[in-house]
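Notes follow the structure.
What follows is calculated from the coordinates using simple rules that are stated; it is not laboratory data. In this text the structure is predicted, and so the values were computed from the model without any measurement. A quick note on method: Cβ atoms are made from the backbone with ideal geometry, for glycine too, and the neighbour counts reach across all protein chains shown.
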Amino acid sequence: MPMLRCALYARYSSENQRDASIEDQLRLCREHAEKQGWHVAESYADHATSGANLLRPGVQQLLADALAGKFTIILAESLDRLSRDQEDTAAIYKRLGFAGVKIVTLSEGEVSELHVGLKGTMNALYLKDLADKTRRGLRGRIEAGKSGGGNAYGYQVVHALGADGQLIRGDRKVDSEQATVIRRIFKDYTDGLSPRAIALSLNQEGVTGPTGKAWGPSTINGNRQRGTGILNNEMYIGRLIWNRLRYVKDPDTGKRISRPNPEDTWIIQDVPELRIIEQALWDKVKARQAKLDASPSQKIPNSNWGDRRRPKYLFSGLMKCGECGGGAVIWNQIRIGCANARNKGTCRNKHTIRRDHLEAAVLDGLQHHLMDPELTEVFCKEYTEHMNRLRNAHVASEAGLHTELAKIERESDRIVQAICDGVPGSKVKDRMTELEARKIEIEAKLSNADTPPPLLHPNMAGYYREQVSKLRVALDHPDNRTEAADILRTLIDRIELKPVLVEGKKTLAIDLYGHLAGILSLANKAKGGIGEDVAEKCTAMVAGVGSKPMAFGLRTLSSWAGVLAIR
């Protein structure tokens, strides 16, 4: 018998734990694998990462290699090392079961559906209980005037030992050097300087920002309702506020999203020893903020929250600086340039371009250059060949199920005939039950089988250009402009503005990078082809194929590198 190949996985969740925890877990797993006679093919680990999030590099690589057939067993210390989330645990088990890979742990043995259900529920309850206990502990520290986690700009963490020899946690003191910067920011703001002007001045003088990087306007201005930003931190007037925000995990991305809590749930504690800003100066800042909020220039008439969230210009949010990688923004009413050069002074790319010229150039590039017919033909050919291989495998699998279903029906007929000929039903009851169960399973698979996506039309580039032309016309009609702009934005991944030298003069060049899924969807929608959901799957499929021709087709289509030089 060939030796079974297994993979080891280890994880620890807290930064307070040591990397030795990983080695301890792997050592125990190796010893178990040796006793079982398994060959350890690979080891995977995630350091200081919560099990509530599946977006971990170690576990993602583990799953990818498992689906690729590199091993048939995954060995871990316990099931909660792989995940503490119920949904993620079930998803891992389901995907590995499809790939024929077993999960074995030192605590549970071979993992089954029972372990997934019970342990998944226990792990979820453990996380909830841990969160509740953590919040109770943090609240107690806040009510004692100590830090509830993290540290604000302007303060230092105090490291001291108590009478019992234990480290005292949560104490802070004012950082005199940073406090001077904070007072300057408040004073400059009340003198009429904008957050952008203050940030530029600090960066020019080499003053380091809160994160060790350059200052930005948002770092200073922040959000008044959420209490963020230098100008809104009430710690500077000796008020410690906790529970202003709560964080929930987005089930699709795994990222934490902040949401404001009702004001009556806030915990407020006075800490006069941490005051940096005098009350009179704080009040002047709040008065200026209120005045700006009430200014007519700050309000959009007859608008609601959704309108304010909509991009103001056609390509807002899609433009990037080719020099520093930062965003490109409106410098004035008609020109666009690097946001870091304008707001922080940390980028040398201070060239600008007229917004109407940029929009016209990008629309022309979308229509005539992004879908080059020759490159499109190569992509369609590679895509079609790959999809044909998938179709053949799909058809072969369905054919096998149909063949097995026919055999089950023939055997069932023979059993029925045998019973009619006098064979006791008790002798064939169990076999008949097995056949019926397998028949139901096969019929369910056949009814739920995915239909392979349609192939790309060979004249896809022509359809695409025709659709973009119609969208450009729709932009000139107020009734259709919003919808047309939204569709056009789906075609673009990013627009880079890069300084170049043309005929001895510096100017900005435009590099347009297309979004493959949006392009595929638009190119085929007119002829009843693939939709956006299938286009996204096509994009992921092409990117993950790994063969050189397919990768070449993807890079060429999704990253058109034609440069349009505009002065």
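Suppose R0 equals 60 Å. What FRET efficiency, 1/(1 + (r/R0)^6) with r the Cβ-Cβ distance, do residue 420 and residue 99 give to the nearest 0.05?
Numbers: r = 44 Å, r/R0 = 0.73.
It comes to 0.85.
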Anisotropy class of segment 170-284 from Cα gyration tensor, a/c 1.5 cut
oblate
Simple spin-label model, 7 Å along Cα-to-Cβ: residue 197 to residue 441 in nm?
7.5 nm
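Set the Förster radius R0 to 35 Å, insert the Cβ-Cβ distance between residue 174 and residue 133 as r into 1/(1 + (r/R0)^6), and round the FRET efficiency to 0.05. Intermediate values should be presented prior to the final figure.
Numbers: r = 31 Å, r/R0 = 0.89.
Given R0 = 35 Å and the Cβ-Cβ separation, E is 0.65.
Can you pull out the chymotrypsin sites (Phe, Trp or Tyr not before Pro) in segment 1-95 that DSSP calls coil and that have at most 12 other Cβ atoms within 10 Å?
Numbers: sites: 9, 12, 38, 44, 71, 93; in loops: 12, 38, 71.
Loop-located and lightly packed - none at all.
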Rank-order 425-437, 315-327 by packing density, defined as the average count of other C-beta atoms within 10 Å over each peptide's residues, highest first.
315-327, 425-437
Excluding residue 7 itself, what net charge comes from residues whose Cβ is under 10 Å from its Cβ, given Lys and Arg +1 and Asp and Glu -1?
0
Expected unfolding gain across residue 122-residue 268 under the 0.36 nm per residue rule, minus the alpha-carbon gap, is 49.1 nm
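Working out 0.36 nm times the residue gap between residue 483 and residue 410, then minus their Cα-Cα distance, what length gain in nm do you get to one decimal? Intermediate results must be reported in sequence, preceding the final value.
Values: separation 73, 0.36 × 73 = 26.28 nm, distance 5.73 nm.
Stretched out fully, the residue 483 to residue 410 stretch lengthens by 20.6 nm.
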Using alpha-carbon positions, the gyration tensor of segment 3-106 gives root eigenvalues a ≥ b ≥ c; with a/c under 1.5 called rounded, otherwise prolate if a/b exceeds b/c, else oblate, the class is oblate
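Just add up the charged neighbours of residue 206: K/R +1, D/E -1, any other residue whose Cβ is under 15 Å from the Cβ of residue 206. The partial results should precede the final answer.
Working: positive: 184, 213, 344; negative: 177, 205.
So the surrounding residues net to +1.
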Suppose each label sits 7 Å from its Cα in the direction of the beta carbon; what would the residue 24-residue 284 distance come out to in nanometres?
5.7 nm
Measure off 7 Å from each Cα along the Cα-to-Cβ vector at residue 239 and residue 501, then give the distance between these two points in nanometres to one decimal.
5.7 nm
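Rounded, prolate or oblate for segment 17-75? Axes are the square roots of the Cα gyration tensor eigenvalues, ordered a ≥ b ≥ c, and the cut-off for rounded is a/c under 1.5.
Numbers: a/c = 2.78, a/b = 1.15, b/c = 2.42.
It is oblate, given that a/c is not under 1.5 and a/b is not larger than b/c.
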Tell me, what is the FRET efficiency for residue 431 and residue 490 to the nearest 0.05, using R0 = 51 angstrom and their Cβ-Cβ distance as r?
0.35
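Could you work out the local net charge near residue 34, counting Lys and Arg as +1, Asp and Glu as -1, over the other residues with Cβ closer than 15 Å to its Cβ? Can you show the working numbers first?
Details: positive: 5, 27, 30, 35; negative: 31.
Around residue 34, the surrounding residues sum to +3.
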Name the residues whose placed amide hydrogens come within less than 5 Å of the amide hydrogen of residue 43, ignoring near sequence neighbours (fewer than 5 apart) on the same chain.
8
